[in-house]
1. Return the residues of the range 236-277 that are outside any helix (DSSP H, G or I) and away from ligand 2 (no atom under 14 Å from the Cβ); say none if nothing qualifies.
2. Taking strands (runs of 3 or more DSSP E) that do not extend beyond the range 22-104, which have at least 3 residues that are open to solvent by less than 30 Å² (accessible area, probe 1.4 Å)?
3. Please verify whether the range 202-213 includes one or more residues that are of a type outside the set (D, E, K, R) and in contact (Cβ under 8 Å) with a residue 24 or more places away in the chain.
4. From F346, F320, grab the single residue that is free of Cβ contacts under 8 Å to residues at least 60 places away in the same chain, open to solvent by less than 30 Å² (accessible area, probe 1.4 Å) and either of a type outside the set (A, V, I, L, M) or within 16 Å of ligand 2 (Cβ to nearest atom) (or both).
5. Would you check if there is a residue in the range 199-219 being under 15 Å from A41 (Cβ atoms), of a type in the set (A, V, I, L, M, F, W, C), more than 17 Å from the chain's Cα centre (by Cα) and not in a helix (DSSP H, G or I)?
6. Suppose we keep only residues that are crowded, with 19+ Cβ neighbours inside 10 Å and either assigned by TED's automatic domain parsing to the domain that holds Y318 or not small (G, A, S) (or both) within the range 363-376. Which one would you say is farthest from ligand 1 (Cβ to nearest atom)?
7. Checking the conditions here, which among L334, L325, L303 is over 30 Å from D367 (Cβ atoms), away from ligand 2 (no atom under 16 Å from the Cβ), open to solvent by less than 60 Å² (accessible area, probe 1.4 Å) and assigned to a strand (DSSP E or B)?
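The values are calculated or read from the model by the stated rules, or taken from the named source; none is laboratory data. Note that the structure is a prediction, hence the values are computed from the model and not measured. Here Cβ is always computed from backbone atoms with ideal geometry, including for glycine, and neighbour counts include all displayed protein chains. Accessible surface is based on the protein model in full, side chains and every heavy atom, while ligands, DNA and RNA are left aside. Shrake-Rupley method; radii C 1.70, N 1.55, O 1.52, S 1.80 Å.
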Amino acid sequence: MTTSPADDTSSRSLLAVDAARARILDSLAAVTGWERVPVRAALARVLAEDIVAPYNVPAHDNSAMDGYAVRAQDLASDTETGLAVVGTAFAGRPFSGIVGPAQAVRIMTGASIPQGADTIVVQEVARREHDVVFVPPGQKRGQNLRRAGEDLAEGSVALAAGRRCGPAEIGLIASLGIAEVSVHRRLRVAILSTGDEIASIGRPLGPGEVYDSNRYTLFGALSRLGCELLDMGVVPDRPDALEAAFRDAAQAADVVITSGGVSVGEADFIREMMGRLGEVAFWKLAIKPGRPMAFGRIGGAVLFGLPGNPVAVMVTFYQFVQDALLKLMGVSPLPPAERFPVRADFAMRKQPGRVEYLRGRLQRSADGLAVTLAGAQGSGVLRSMSEADCFIVLPEDCAAVQTGDMVLVQPFNGLV
Ligand code: AMP
Ligand code: MG
């Protein structure tokens with residue numbers, strides 16, 4: 001854990017987004033502990049060991065097309081060649097004989113190449129008359145074959161440890177005949193909301209109260225990641241209640257994520273308390289929305305103290321927390337942040353000094369892809385997150401966006 005006085009808000013300097021991300025990631029390592037699970041249960045889990053191909057994939061040379069298995073040496077180069085069809089090879093039911101001179105075997109896609117044959121002629125170009133097939137000139141030796149080991153050679157690493165399994169990965173594991181794999185244990189993440197004004201759903205709102213949405217967005221994001229979730233509810237802004245909640249959470253979980261209570265006015269006693277319980281740095285990040293954030297350790301748990309505003313929670317979660325959780329889950333290498341420039345279909349002024357994450361919508365038009373703003377951009381307006389399909393990332397030094405400028409976007413697809 002790297003914390004220094006410079007991290008403290010008293011320095012009055014803003015910590016750059018990239019520097020904060022690097023500090024967080026550098027201070028974390030994958031949790032230890034793994035388990036064996038059936039291949040289906042490996043979905044969204046992280047491999048704890050390499051998956052090595054136990055044999056060649058495909059296992060045998062086979063046909064990529066429906067057609068005829070022939071010997072290239074039998075084919076005339078300038079005229080049609082007639083070959084005697086001596087049998088049929090199906091996928092899973094090979095032709096057991098040998099293809100001799102001037103012979104051919106009818107073959108289906110995926111069938112093993114019969115002994116003696118070296119070339120597949122696709123059925124669309126062949127002309128069949130009873131037991132003779134006529135092959136036009138111009139065939140190439142070895143065409144339309146899939147070679148044994150072409151996808152994966154026996155003994156090679158099919159998937160490296162650290163890979164998170166999606167549909168393709170569990171399919172690939174199954175294609176190797178592997179029924180069980182070793183995966184990192186699930187990460188236990190505790191979440192809690194703070195604030196005297198925060199009400200849990202299921203009862204009417206009192207004066208000045210707001211319903212807790214942060215535990216729901218965090219629930220969604222963490223469930224997607226495959227974390228084991230410990231929902232610690234809403235904790236009022238009372239030092240004794242907060243201290244008890246932080247202690248419980250840190251004892252039960254690998255990671256504690258809180259929202260609220262880190263802004264000016266509320267931060268003081270929380271900071272004092274966190275300092276007592278563990279080693280926590282308060283960062284004023286050069287980011288909008290989401291300036292204040294706490295990061296550190298309490299007991300054995302990693303703590304993320306996110307701001308309270310619902311959009312700020314989502315922005316800071318996706319910019320800082322998600323990759324940190326993936327690293328703790330054992331993901332290696334981390335997936336690169338997908339960002340690309342598109343044309344802005346909006347104009348706005350911006351204060352330099354902070355990276356700003358706007359909620360955007362990508363739109364296709366005659367002159368290519370463009371991005372517009374998705375609704376009101378206030379940091380409490382969760383609807384803009386719901387209507388958006390990307391973040392628009394404006395760098396620290398940016399002072400304005402003109403319609404037609406190129407701006408960086410980070411699509412939600414794959415991120416959120
Ligand atoms: P705070 O960081 O505690 O000062 O909160 C900033 C703003 O976010 C305030 O308007 C809070 O009411 C709001 N807020 C804090 N926590 C939540 C929550 N869990 N759900 C919805 N809004 C919240
Ligand atoms: Mg609060």
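1. Looking only at the range 236-277, we keep the residues that are outside any helix (DSSP H, G or I), and these are 236-238, 253-266.
Scanning the range 236-277 gives A253, D254, V255, V256, I257.
2. Numbers: elements: 34-38, 67-70, 81-89.
Those strands (runs of 3 or more DSSP E) span 67-70, 81-89.
3. Taking the range 202-213 and keeping what is of a type outside the set (D, E, K, R), we get 202, 204-208, 210-211, 213.
Of the ones still in play, those that are also in contact (Cβ under 8 Å) with a residue 24 or more places away in the chain are 213.
The answer is yes; a qualifying residue exists.
4. Values: F320 fails: free of Cβ contacts under 8 Å to residues at least 60 places away in the same chain.
Sole residue among the options that is free of Cβ contacts under 8 Å to residues at least 60 places away in the same chain, open to solvent by less than 30 Å² (accessible area, probe 1.4 Å) and either of a type outside the set (A, V, I, L, M) or within 16 Å of ligand 2 (Cβ to nearest atom) (or both): F346.
5. Applying the first criterion (under 15 Å from A41 (Cβ atoms)) to the range 199-219 yields none.
The answer is no, given that none of the residues of the range 199-219 is under 15 Å from A41 (Cβ atoms), of a type in the set (A, V, I, L, M, F, W, C), more than 17 Å from the chain's Cα centre (by Cα) and not in a helix (DSSP H, G or I).
6. Quick first cut of the range 363-376, residues crowded, with 19+ Cβ neighbours inside 10 Å only: 370-371, 373-374.
If we keep only those that are either assigned by TED's automatic domain parsing to the domain that holds Y318 or not small (G, A, S) (or both) as well, we get 371, 373.
Working: V371: 27, L373: 21 Å.
Top of the filtered list is V371.
7. Details: L334 fails: assigned to a strand (DSSP E or B); L325 fails: assigned to a strand (DSSP E or B).
The match here is L303.
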